[in-house]
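Report on the structure given below.
The values are calculated or read from the model by the stated rules, or taken from the named source; none is laboratory data. Given the structure is predicted, the values throughout are model-derived calculations rather than measurements. Cβ: placed from backbone, ideal geometry, glycine included. Neighbour counts: every protein chain shown.
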C-alpha cells in the first residue's frame, strides 16, 4: 500500500507518486494543483459559432421581369433560364451588396 500525503494546496490526501513540488519549492502538491499553478489545464472549449442561416433575398430578372425570393445567391433565372440577367430587387443598397459579394 502506497503512503498518502496531504497536498499543501487543496489538503486532499494523495499517493506519494502523484505529488510534485509546488511553484516555490516549499512543499508538495497533487497533480491537479500543480497543473493549476502552471496553467497546464486547458480552458473550457469555446462554443462553436452557430450555423449561419441564409437570409432570403428578393431577385428580379431583367430579361423576363420575373420576381422571386431565394436564400442562396442566384445566377440563373428559374423562369426563363437567362444567365446573368438577375439583380437584387429593391433599393440601391441591395445592388451594392450584390456587387461587393461578386468581388470577394
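For the list (1) closer than 30 Å to residue 3 by Cα; (2) at pLDDT 85 or above, I need the number of the one condition that residue 79 fails.
Going through the list (1) closer than 30 Å to residue 3 by Cα; (2) at pLDDT 85 or above, residue 79 breaks only (1).
Taking residue 95 as meeting all but one of (1) modelled with pLDDT under 80; (2) surrounded by fewer than 13 Cβ atoms within 10 Å (Cβ to Cβ), write down the number of the exception.
Among (1) modelled with pLDDT under 80; (2) surrounded by fewer than 13 Cβ atoms within 10 Å (Cβ to Cβ), the lone unmet condition for residue 95 is (2).
Within the stretch 22-38, is even one residue modelled with pLDDT of 85 or more, surrounded by 11 or more Cβ atoms within 10 Å (Cβ to Cβ), touching a strand residue (DSSP E or B) at 6+ places or on another chain (Cβ under 8 Å) and more than 28 Å from residue 6 (Cβ to Cβ)?
Taking every residue of the stretch 22-38 in turn, none turns out to be modelled with pLDDT of 85 or more, surrounded by 11 or more Cβ atoms within 10 Å (Cβ to Cβ), touching a strand residue (DSSP E or B) at 6+ places or on another chain (Cβ under 8 Å) and more than 28 Å from residue 6 (Cβ to Cβ).
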